[in-house]
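The values are calculated or read from the model by the stated rules, or taken from the named source; none is laboratory data. Only a predicted model underlies this, so the values are computations on that prediction, with no experimental measurement involved. All Cβ positions, glycine included, derive from the backbone under ideal geometry; neighbour counts span all protein chains shown.
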Amino acid sequence: METNKTILQMKYGRIVKAFAKEAGISLDEALDKFYNSNTFILMDEGIADMQTMSDIYLTDELLIEYGYKKQPGTEKTVA
């Protein structure tokens, strides 16, 4: 699915802002982590239609990917 780039950039902004808030990090750090994440790669390449997932889901994926939140069903954080 080809997503409008402007809409996708707006989604990225919302996700970065939510990620920064939930992780307790600066927006600059959140932006850097976002653009270097597996979550961003999947969204950018349209793999599994990740760009269509909710902002909350994608924020949680980043939190899990960077170890700020536990993987559901496990006792450990993923880092």
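Here are a few things to note about the model shown:
- Any chance Ile25 is closer than 18 Å to Lys69 by Cβ and in a helix (DSSP H, G or I): no
- Restricting the stretch 44-54 to residues that are loosely packed, with under 14 Cβ neighbours inside 10 Å and under 22 Å from Glu22 (Cα atoms), the residue that is farthest from the chain's Cα centre (by Cα) is Thr52.
- Only listed residue being surrounded by 13 or more Cβ atoms within 10 Å (Cβ to Cβ) and at pLDDT below 95, chosen from Gly73, Gly67: Gly67
- Selected residue (only one of Phe19, Phe34, Phe40 is over 18 Å from Ile7 (Cβ atoms), aromatic (Phe, Trp, Tyr), touching a Phe, Trp or Tyr at 6+ places or on another chain (Cβ under 8 Å) and buried (at least 17 other Cβ atoms within 10 Å of the Cβ)): Phe19
- Inside the stretch 26-68, residues that are without any contact (Cβ under 8 Å) to a residue 12 or more places away in the chain and over 13 Å from Ile15 (Cβ atoms) make up a count of 9.
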